[in-house]
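Novice: Dumping the structure here so I can ask a few things about it.
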Amino acid sequence: MLRIGELAARSDVSVRSLRYYEEQGLLCSVRDAGGRRRFAPEAVARVGLIQRLYGAGLCSSKIGELLPALEDASPGGAPQLRTALCVELRRLDGMISDLESARAELRSVMDTFAPASRTTGTG
């Protein structure tokens, strides 16, 4: 069993993040006689997966829904898991599209009201 500091070091995640994951139900620990958290060695891989999912733009509640299926899935399997991940991918694609539209609009406003200054050569 790993203490929280050991898990943090092995997974390259802060102790604060591990406590947050536990609060969100993404990570489980047991308490020793002194009340200190102890994590199974498998928690290192779970934390890595949690980090990847956060990095992919998922929120903690969605991660909580997907984690069990991801950990149980064999490579190339789990069609329902693929469907759930595709839903998240479409959500991100929509956000990217919205951001691209916002960027284009901001550029239009800049071109109208704050065009790039033209420098003239003096010599």
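Novice: Just checking, which of A73, A78 is touching an Asp or Glu at 6+ places or on another chain (Cβ under 9 Å), surrounded by 12 or more Cβ atoms within 10 Å (Cβ to Cβ) and without any contact (Cβ under 8 Å) to a residue 12 or more places away in the chain? Full working, then the answer.
Specialist: Details: A73 fails: touching an Asp or Glu at 6+ places or on another chain (Cβ under 9 Å).
Answer to the selection: A78.
Novice: Give A45, A40 a once-over and let me know the one that is within 30 Å of C86 (Cα to Cα) and of a type in the set (G, A, S).
Specialist: The unique qualifying residue is A45.
Novice: What helices (runs of 4 or more DSSP H) completely inside the stretch 1-102 contain at least 3 residues that are among the small types (G, A, S) and touching a strand residue (DSSP E or B) at 6+ places or on another chain (Cβ under 8 Å)? Give the derivation first.
Specialist: Values: elements: 4-11, 15-23, 43-55, 60-72.
Helices (runs of 4 or more DSSP H) meeting the threshold: none at all.
Novice: Only residues in the stretch 1-16 that are over 17 Å from L53 (Cα atoms) count as the first member; pair them with residues that are of a type in the set (S, T, Y), Cβ under 7 angstrom, at least 6 apart or cross-chain, and list the lot.
Specialist: Hits for this filter: A8/S14.
Novice: Any residue in the stretch 77-86 that is modelled with pLDDT of 95 or more, among the β-branched types (V, I, T) and on the phi < 0 side of the Ramachandran plot?
Specialist: So far as the stretch 77-86 goes, no, none of its residues is modelled with pLDDT of 95 or more, among the β-branched types (V, I, T) and on the phi < 0 side of the Ramachandran plot.
The values are calculated or read from the model by the stated rules, or taken from the named source; none is laboratory data. Given the structure is predicted, the values throughout are model-derived calculations rather than measurements. Don't worry about glycine lacking a Cβ; one is built from the backbone with ideal geometry, like all the others, and counts go over all protein chains shown.
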